[in-house]
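Written out below as structure tokens is the structure these notes cover.
The values are calculated or read from the model by the stated rules, or taken from the named source; none is laboratory data. Every value quoted in this text rests on a predicted model; they were computed, and no experiment measured them. So basically every Cβ, Gly included, is an ideal-geometry build from the backbone, and we count neighbours across all protein chains shown. When the accessible area is computed, the model is the full protein with side chains, heavy atoms only, and any ligands, DNA or RNA have been set aside. Shrake-Rupley method; radii C 1.70, N 1.55, O 1.52, S 1.80 Å.
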Amino acid sequence: QVQLKESGGGLVQAGGSLRLSCAASGRTSNVYAMGWFRQPPGKERESVAAISWSGGSTQYADSVKGRFTISRDNAKNVVYLQMNKVKPEDTAVYYCAAERGLATLDSSAYDYWGQGTQVTVSS
């Protein structure tokens with residue numbers, strides 16, 4: 001079992017930055033690929049970024065490429081999402097997730113999910 005807890009959400013102005021963290025606990029948490037997903041208000045959940053267990057492979061949704069960076073510190077069992085140049089359309093509940101396979105933006109591949117953290121971007 002893997003437990004995930006997100007933190008770092010909040011209110012930020014458009015053009016600003018925010019860093020989300022996802023703390024993982026449980027057995028062999030450092031062998032899981034991790035992903036960030038988000039659900040904007042009134043919309044379906046969408047992928048944001050994913051990272052392999054080693055950190056050597058990352059993937060990004062087109063909407064965040066060049067603005068967001070996913071990284072991980074396996075010694076601390078934490079995955080980060082650095083969000084730069086945020087836009088009002090980035091407003092959403094952000095979730096981290098973990099799965100045993102390769103890094104993927106396909107949410108159906110993920111076995112474990114956190115509770116989410118709210119990010120609100122004001123214009």
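If we scan segment 34-42, do we find a residue that is open to solvent by 70 Å² or more (accessible area, probe 1.4 Å), in a loop (DSSP other than H, G, I, E, B) and over 26 Å from Thr120 (Cα atoms)? Steps first, please.
Step one: filter segment 34-42 for residues open to solvent by 70 Å² or more (accessible area, probe 1.4 Å), giving 39, 41-42.
In the following step, the residues that additionally are in a loop (DSSP other than H, G, I, E, B) were identified as 41-42.
Remaining after also requiring over 26 Å from Thr120 (Cα atoms): none.
The answer is no, given that none of the residues of segment 34-42 is open to solvent by 70 Å² or more (accessible area, probe 1.4 Å), in a loop (DSSP other than H, G, I, E, B) and over 26 Å from Thr120 (Cα atoms).
Ala92 - would you say it is farther than 20 Å from Ser25 by Cβ, more than 14 Å from the chain's Cα centre (by Cα) and open to solvent by less than 50 Å² (accessible area, probe 1.4 Å)?
Details: farther than 20 Å from Ser25 by Cβ: yes; more than 14 Å from the chain's Cα centre (by Cα): no; open to solvent by less than 50 Å² (accessible area, probe 1.4 Å): yes.
No: the conditions fail for Ala92.
Give all pairs with beta carbons closer than 9 Å in which a residue from segment 111-123 that is modelled with pLDDT under 95 and polar (S, T, N, Q) meets a residue that is open to solvent by 90 Å² or more (accessible area, probe 1.4 Å) and part of a strand (DSSP E or B); count only pairs at least 6 apart in sequence or on separate chains.
Correct list of pairs: Ser123/Gln13.
Right, Ala23: in contact with an Asp or Glu (Cβ under 9 Å, 6 or more places away or on another chain), farther than 14 Å from Gly116 by Cβ and surrounded by fewer than 21 Cβ atoms within 10 Å (Cβ to Cβ) or not? Show your work before the answer.
Details: in contact with an Asp or Glu (Cβ under 9 Å, 6 or more places away or on another chain): yes; farther than 14 Å from Gly116 by Cβ: no; surrounded by fewer than 21 Cβ atoms within 10 Å (Cβ to Cβ): yes.
In short, no.
Taking Ser52 as the residue in question, decide whether it is hydroxyl-bearing (Ser, Thr, Tyr) and either surrounded by fewer than 16 Cβ atoms within 10 Å (Cβ to Cβ) or in contact (Cβ under 8 Å) with a residue 60 or more places away in the chain (or both). Give the steps one after another, and end with the answer.
Values: hydroxyl-bearing (Ser, Thr, Tyr): yes; either surrounded by fewer than 16 Cβ atoms within 10 Å (Cβ to Cβ) or in contact (Cβ under 8 Å) with a residue 60 or more places away in the chain (or both): no.
When the stated conditions are applied, Ser52 does not pass them.
Considering only residues that are free of Cβ contacts under 8 Å to residues at least 60 places away in the same chain and part of a strand (DSSP E or B), which ones fall in segment 55-92?
The first filter runs over segment 55-92 and keeps only residues free of Cβ contacts under 8 Å to residues at least 60 places away in the same chain, leaving 55-79, 89-92.
Result: Thr58, Gln59, Tyr60, Phe68, Thr69, Ile70, Ser71, Arg72, Asp73, Val78, Val79, Ala92.
Among the residues of segment 78-89, count how many are open to solvent by 30 Å² or more (accessible area, probe 1.4 Å) and not basic (Lys, Arg). First the steps, then the outcome.
Step one: list which residues in segment 78-89 are open to solvent by 30 Å² or more (accessible area, probe 1.4 Å), which gives 80, 82, 84-85, 87-89.
Of the ones still in play, those that are also not basic (Lys, Arg) are 80, 82, 84, 88-89.
Counting residues in segment 78-89 that are open to solvent by 30 Å² or more (accessible area, probe 1.4 Å) and not basic (Lys, Arg) gives 5.
I want to confirm something. Restricting to segment 95-123 and keeping residues that are closer than 12 Å to Arg38 by Cα and assigned to a loop (DSSP other than H, G, I, E, B), which single residue is most open to solvent (accessible area, probe 1.4 Å)?
By that ranking, first place goes to Gln115.
Looking at Phe68, is it farther than 16 Å from Tyr112 by Cα and open to solvent by less than 30 Å² (accessible area, probe 1.4 Å)? Don't jump to the end; show me each part of the working.
Working: farther than 16 Å from Tyr112 by Cα: yes; open to solvent by less than 30 Å² (accessible area, probe 1.4 Å): yes.
For Phe68, the condition - farther than 16 Å from Tyr112 by Cα and open to solvent by less than 30 Å² (accessible area, probe 1.4 Å) - is met.
Per-residue answers, yes or no, for (1) under 13 Å from the mean Cα position of the chain (by Cα); (2) modelled with pLDDT of 95 or more:
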{"residue": "Val2", "(1), (2)": "no, no"}
{"residue": "Leu11", "(1), (2)": "no, yes"}
{"residue": "Leu18", "(1), (2)": "yes, yes"}
{"residue": "Ser21", "(1), (2)": "yes, yes"}
{"residue": "Gly26", "(1), (2)": "no, no"}
{"residue": "Thr58", "(1), (2)": "yes, yes"}
{"residue": "Ala75", "(1), (2)": "no, no"}
